[in-house]
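Below: one structure, written as structure tokens.
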Amino acid sequence: MTNYYKVLGVRQSASKSEVKSAYRKLARLRHPDVNGGSEEAAREFARLSKAYRVLIDPQERAYHDQELTAQSRNGSSILHSTNPHAQRARNLAVQARWDRIVDEVLERDRQENRERQRVVFTTVSLFLSTFFVAMFKPHLWETFGYAGRAIVLTLFIVGVWHLATRLREYFAHYTYRPKSIQDSIMRDEESPEQPFTRFSAYTFLLCGYALSVGVGLIIGWHAQQFFSGLTLFFRHVEVAHSNVLMYSSTMLLIPDLVVYPPIAVLIVDSMQALTSRMD
């Protein structure tokens, strides 16, 4: 039987923070990516992950302690026999167990990669759709009939619900709320598992949205000036009138910037989910 305390190099009376700290130090040194992706490194990392999951869970740790106690009392058990057949059976059982653990670790890595892809698809589609709406100023609402407007409103409601759900999942998975100064002083501060703070995530979304709108308006305005400059028979009065229309159309663009990006995110995420299932 494997002693997971020895695997992580901690005492049997170690606290959760000590177990977590020991696991993180060893995981950085023995991760397969750091060791060239070798099979031996993958097995060692899976062994560390298994030890961490057992010792961090109170029930699993209590059961593990009972097994260690029983092992120390039954040292002469058949499980510790020097018989070649018994040793071969133990080796096969251990090999199958570690193969299963490695498969679990690899599956978690694949799930994490898929989750990161979902985050990228959602944020990129949100920013790109905002950019294109600001640049082209479609104003499609006026061209739709009652049926078209009903479809757009339905897609908008579903898109807002979908976007809010996705962002809530991403915030819960990738962000954390920093502890107050008082809590940091009174307790031993542990590094959070999530990589970003909640404030930095909100700042990224707001700045990305504002940048998409600004760049889209600037490029759209310069493109309009470029195409207008190709026509030589425009009068100055007409140019001034077009500028007024441009500013008014920019003000009318605000509802489009609210309505169409959630719909675009809904469509892109649905297509990405469909292709991932097909793969």
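The values are calculated or read from the model by the stated rules, or taken from the named source; none is laboratory data. Bear in mind the structure is a predicted one, so any value in this text is a computation, not a measurement. Methodologically, a virtual Cβ is constructed for each residue, glycine included, from the backbone with ideal geometry; neighbour enumeration extends over all protein chains shown. Accessible surface is based on the protein model in full, side chains and every heavy atom, while ligands, DNA and RNA are left aside. Shrake-Rupley method; radii C 1.70, N 1.55, O 1.52, S 1.80 Å.
Some notes on this structure:
- With a 1.4 Å probe rolled over the protein heavy atoms of all chains, the accessible area of Arg100, Arg149 falls in the order Arg100, Arg149, largest first.
- Heavy-atom accessible surface of Arg110, to the nearest 10 Å², is about 110 Å², with a 1.4 Å probe and all protein chains retained.
- Label point distance in nm, Phe196-Phe136, each placed 7 Å from Cα along Cα→Cβ: 2.7
- Going by accessible surface with a 1.4 Å probe and the largest first, Arg108, Arg88 read Arg88, Arg108.
- Within the full protein context, the accessible area of Trp221 is estimated at about 100 Å² for a probe radius of 1.4 Å.
- Using a simple spin-label model with pseudo-atoms 7 Å out from Cα toward Cβ, Val152 and Thr165 lie 2.5 nm apart.
- Placing R0 at 30 angstrom, the Cβ-Cβ distance between Glu115 and Thr2 gives a FRET efficiency of 0.50 after rounding to 0.05.
- On full extension, the segment bounded by Gln95 and Arg177 gains 25.4 nm, given 0.36 nm per residue less the C-alpha separation.
- Theoretical FRET efficiency, 1/(1+(r/R0)^6), r = Cβ-Cβ of Leu205 and Phe144, R0 30 Å, to 0.05: 0.55
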